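Data first, discussion second: the structure below is written as structure tokens.
The values are calculated or read from the model by the stated rules, or taken from the named source; none is laboratory data. Note that the structure is predicted; figures quoted are calculated from it, not measured. Every residue, glycine as well, gets a Cβ built from its backbone with ideal geometry; the counts of neighbours run over all protein chains shown. Surface areas here come from the heavy atoms of the whole protein model, side chains and all, with no ligands, DNA or RNA. Shrake-Rupley method; radii C 1.70, N 1.55, O 1.52, S 1.80 Å.
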Amino acid sequence: MSHRKWISWLVAVLPIALGIIWIVLALLPYGTLRTFTDSLMPDHNFNSLKSWNAGVFKALFGVGGLVFFGLAAITGFRCWNLIGDFFKRLWVDARRFFTSLRPQKSEYGFLGAVLVIMLLAVIYRLEHLYSSLHHDEAYTYVAFGRSLFAAVTDYHLPNNHVFTLYWFISRQKISASSLG
């Protein structure tokens, strides 16, 4: 092996070590992972890691470890020019893609209709924006409005959905207007 090849593998040792550490973190049980992440914080309390979302953190650590292994391989085999070529081609393709998104003259009528419908929907929504919540909507907000993560992942009740609150408000307005 040439001297230059040895240097590239020597530089690759750091990403290999980081990759191993991150893969080990992905394989740790929750209690050990919680202790480790708590030790990294100044107040020794990492609030984001809970038992119910530890799998997400483990998956992120595993993917991070694989990325570090990929960086080590690229560094060791001196393949950085392939990465540069990839991003050059990606830039050219992205430019071509976004240029093709411009509407054609035949699509202007459809786009105008969509924009008018959207404008009317915004005006209708603004009209009822400050109306009061009823029992079901209020409970949904209190139970699932803690965070976006809770709203997207917690389905222990059948009426929880990201758009449930809007749907209930719209439904209540329709039924109230049809009665009066």
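Does region 30-46 contain any residue that is in contact with a Lys or Arg (Cβ under 8 Å, 6 or more places away or on another chain), in contact (Cβ under 8 Å) with a residue 12 or more places away in the chain and not β-branched (Val, Ile, Thr)? Yes, that holds for at least one residue. Where residues in region 114-135 are part of a helix (DSSP H, G or I) and more than 30 Å from residue 103 (Cα to Cα), which of them is least open to solvent (accessible area, probe 1.4 Å)? Applying the filter and picking the extreme gives 127. Of all residues in region 36-69, those satisfying the criterion of being open to solvent by 80 Å² or more (accessible area, probe 1.4 Å), over 19 Å from residue 18 (Cα atoms) and in a helix (DSSP H, G or I) are 51, 52.
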